[in-house]
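Just below is one structure, and these are the notes that go with it.
Values in this text are rule-based calculations from the coordinates and carry no lab data. These figures come from a predicted structure and were not determined experimentally. Because the Cβ atoms are built from the backbone with ideal geometry, glycine has one as well, and the counts that use them run over all protein chains shown.
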Amino acid sequence: MPKAMPEPQPEPIPHMAPEEFRRLGERLLGWIADYWTRVEGLPVASRAAPGDVLRALPEFPPEAGEDLAAALLADLERIVLPGLTHWQHPMFFGFFPANISAPSVLGELLSAGLGVQGMLWATSPACTELEMRALDWLGHALGLPDAFLFRGGGGGVIDGTASEAVVSAITAARHRALRALSESSRRDAAGRLTLYTSTQAHSSIVKGAMVTGLALDAADRARVRLIDTDPAGAMDADALARAIDADRAAGLVPFFVSATLGTTGATAVDPLASIARVLARPPEPRPWLHVDAAHAGAMLVCPEFRSPAAGVEHADSFTFNPHKWLLTNFDCNCLWTRDPASLTASLSIVPEYLRNAASDAGSVVDYRDWHVPLGRRFRALKLWLVMRHYGLAGLRAYIREHVRLAGLVESWVRIEPRLELAAPRTMNLVVFRPTPRPGESPGATDARARALLDRLNASGKMYLTHTTLPPEVADGPPRFVLRLCIGAVSTREEHVREAWRLILDALE
Ligand code: PLP
């Protein structure tokens, strides 16, 4: 008889023991809290050159596991921090903010620690129902009509980003538009659907058209119309009406309009009520109206800042990012719709392995039907913690302070002869540029604006970004402008005064 071979013993798997997790976790939480305290002393923008971080990292992963407690914090300091632009720095005024707050970070940690999948109600009922409640709370806090909330027959969902939300909205709108047609004309009409947004809309709208097959690439305008704006950057509703009429006359099927509440360039506000009137005209089916309030939606928590949203009651969907200006760390985008049936009908597919009694009975919300991904984590926890920690009064006070500070900067620009406002201020963004000198060409003014931006950012003391806005005169070149957005959680009046001093010092 051959001798029995000894059974091979499996390698021990080096899971982190709960005690070690607790110890390292406490150190990391402490490190994060310290980072928030000392971030003000770091240069705002990373000075890393391309490849610096790659060179500092080993080319291959370790074969044997390492002691994180010994190595991690040192590597964070040595490799990661120098490669960061510090979005939580009080002198960060670039893009739109990416707010975080301690309660939201704790919510994120809870979500990771619980590690549940919320794709179906049945896979974790709390994950779904807490999200439903949080979205009703937040929608109510923004003053959205009840028709957008679960309690009014609509409902909301958390996506990663506004870019994902618009893909869902386009998909729902396409479904609704085609379902309204007879079966025989549907297939043909699918190739004639047309989408509208403004020249100042965020690129995610055209990208949504690309993802959903309406545009072959970013420049394809066969079924995408970019409507002109007024000088302030708001969509011209009459121009929208003309474009829709011309398309209908050409046999096309206008089905989707995305209006922006707070454009990325200059926080301009499209006239929702006028746009809704354009869309309400016959013939049926009426195009779907989506409102992209990615950044500006946050300010609707303050009743006194709600007038730009007049007309939102006519929208079919509304989206905004608490991860920009409402204290909730990335990613957290909220999409509400008054027509969840079109959304779920366009995105629902039920393989056998996901079937369960609650879904079959139709008695629950299954969020996998509300967006493209199937799997989803418990993001509602961070929103829940933020709303509970700050309360609506706290959220309002926070937004009001940023708007007040932006108002200060606006008032200083108005009285500084070397600078001018390049767009009306509607919220927490001030858009400005050097005042053109007599006889100076637009290109020369632009060059001075660029140089000013570069000087300020190179100082490491503050961080601004730029954009171009439409020309004042129809055939002129786009204008290069600086954007100063006040939205970092730690920014106080002293920081804004310091930023202004730096701007004045950097002016030629
Ligand atoms: N819409 C507007 C008006 C934006 O300003 C932005 C980003 O700044 C987006 C959409 C895209 O946001 P997200 O990164 O959530 O896709």
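Estimated from helices alone, the mean residue ellipticity of the chain at 222 nm is -12500 deg cm²/dmol (sum of -39500 (n - 2.57) over DSSP H runs with n ≥ 4, per residue).
The ranking of 324, 382, 461 by Cβ neighbour count inside 10 Å, starting from the fewest, reads 461, 324, 382.
Counting every other Cβ atom within 10 Å of each residue's Cβ, 412, 288, 31, 121 order from fewest to most as 31, 412, 121, 288. Beyond 19 Å, the tail of the calculated P(r) for region 222-278 holds 27 percent of the Cα pairs. Does region 17-126 classify as rounded, prolate or oblate by the C-alpha gyration tensor (a ≥ b ≥ c root eigenvalues; a/c under 1.5 gives rounded; else a/b over b/c gives prolate, otherwise oblate)? Cα axes put region 17-126 in the oblate bin. Note on residue 207: aspartates and glutamates with a C-alpha under 15 Å away, same-chain residues under 8 apart excluded, are 164, 217, 220, 292. Only aspartates and glutamates eight or more places from residue 382 in sequence, or on another chain, were considered; those with a Cα closer than 16 Å are 108, 129, 131, 136, 159, 331. For the chain, a crude dipole built from +1 on the beta carbon of Lys and Arg and -1 on the beta carbon of Asp and Glu, taken about the Cα centre, is about 840 debye to the nearest 20. By the count of other C-beta atoms within 10 Å, a proxy for reagent exposure, 5, 132 are ordered fewest to most as 5, 132. Residues in region 315-320 carry Karplus couplings, in order, of 6, 9, 8, 9, 9, 7 Hz; the curve used is 6.51 cos²θ - 1.76 cosθ + 1.60 with θ = phi - 60°, and Gly or Pro positions show x.
Farthest towards the positive end of the charge dipole of the chain, among the residues 411, 358, 375, is the Cα of 411, using unit charges on the Cβ of Lys, Arg, Asp and Glu.
Converting phi to 3J(HN,Hα) with the Karplus coefficients 6.51, -1.76 and 1.60 and the offset θ = phi - 60°, region 240-254 yields 4, 4, 5, 5, 5, 4, 5, 5, 4, 4, 8, x, 8, 10, x Hz in sequence order, with x at every glycine or proline.
Overall, region 246-392 carries a charge dipole of about 320 debye about its Cα centre when +1 sits on the Cβ of Lys and Arg and -1 on the Cβ of Asp and Glu, all other atoms neutral.
The alpha carbons of the chain occupy a box of 96, 67, 48 Å along the principal axes, longest dimension given first.
Relative contact order, whole percent, for region 301-401 stands at 27, derived from Cα pairs under 8 Å and 6 or more residues apart. Which shape class applies to region 5-76: rounded if a/c is under 1.5, otherwise prolate when a/b exceeds b/c and oblate if not, where a ≥ b ≥ c are the square roots of the Cα gyration tensor eigenvalues? Here region 5-76 falls in the oblate category. For region 217-363, the square roots of the Cα gyration tensor eigenvalues, ordered a ≥ b ≥ c, give a/c of at least 1.5 with a/b no greater than b/c, which places it in the oblate category.
Charge dipole of region 312-421 (Cα centre as origin; +1 on each Lys and Arg Cβ, -1 on each Asp and Glu Cβ, all else neutral): 500 debye, rounded to the nearest 20. Phi-derived couplings, Karplus 6.51 cos²θ - 1.76 cosθ + 1.60 at θ = phi - 60°, listed residue by residue for region 203-220: 4, 5, 6, 5, 4, x, 5, 5, 5, 8, x, 7, 9, 6, 7, 5, 9, 6 Hz, with x used for Gly and Pro.
Taking GluC sites (Glu not before Pro) across region 1-74, the ones in a DSSP loop with at most 12 further Cβ atoms lying within 10 angstrom of their Cβ are 59, 63, 66. Ranking 283, 170, 32 by how far each Cα lies toward the positive end of the dipole of the chain (charges on Cβ) leaves 283 at the top.
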